[in-house]
1. Where does the chain land at 222 nm, in deg cm²/dmol rounded to the nearest 500, when only DSSP H runs of n ≥ 4 count, each adding -39500 (n - 2.57), divided by all residues?
2. Based on the mean of other beta carbon atoms within 10 Å per residue, what is the order of 18-30, 62-74, 1-13, most packed first?
3. Quote the charge dipole size of the chain about the Cα centre in Debye, to the nearest 20; the model charges only the Cβ of Lys and Arg (+1) and of Asp and Glu (-1).
4. Averaged over every viewing direction, what's the projected area of the C-alpha convex hull for the range 8-73? Give it in nm², one decimal, please.
5. I'd like the distance separating the alpha-carbon centroids of the range 3-19 and the range 39-64, in whole Å.
6. Pop a pseudo-label 7 angstrom from the Cα along the beta-carbon direction at both Gln68 and Leu15 and give the gap in nm to one decimal.
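Just so it is clear, none of the values below were taken in a lab; they were calculated from the coordinates. Because the structure is predicted, anything quoted here is derived from the model rather than measured. Note that we place each Cβ from the backbone using ideal geometry, even for glycine, and neighbour counts take in every protein chain shown.
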Amino acid sequence: MPAPPVTRSSLRRSLANADCTAASTLAYAQETEAPLKAHTVANPFFGPLNGHQWLLYIPLHNLRHNLQIAEVKTASDYPR
């Protein structure tokens with residue numbers, strides 16, 4: 001099943017949602033008193049990560065997506 005087309009409206013909503021999520025994650029990281037290093041959750045690639053490591057991983061994950069987008073844009077048939 002092909003993905004639905006991306007419209008300016010859906011792109012704006014997606015970017016707004018990403019901004020909101022980033023802001024709430026940053027606020028949590030700055031304000032929490034939870035023992036982040038005491039809790040772990042498995043990452044499918046890196047294995048178990050604690051809360052502190054997850055907070056470090058999030059921007060790296062986003063950076064990887066940005067690099068993938070830039071790579072796609074260099075393709076000779078972009079945009080299709």
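1. -20500 deg cm²/dmol
2. The most tightly packed comes first, giving 18-30, 62-74, 1-13.
3. I would put it at about 300 debye.
4. Hull-based average projected area comes out at 5.6 nm².
5. Centre-to-centre (Cα) distance: 25 Å.
6. 2.0
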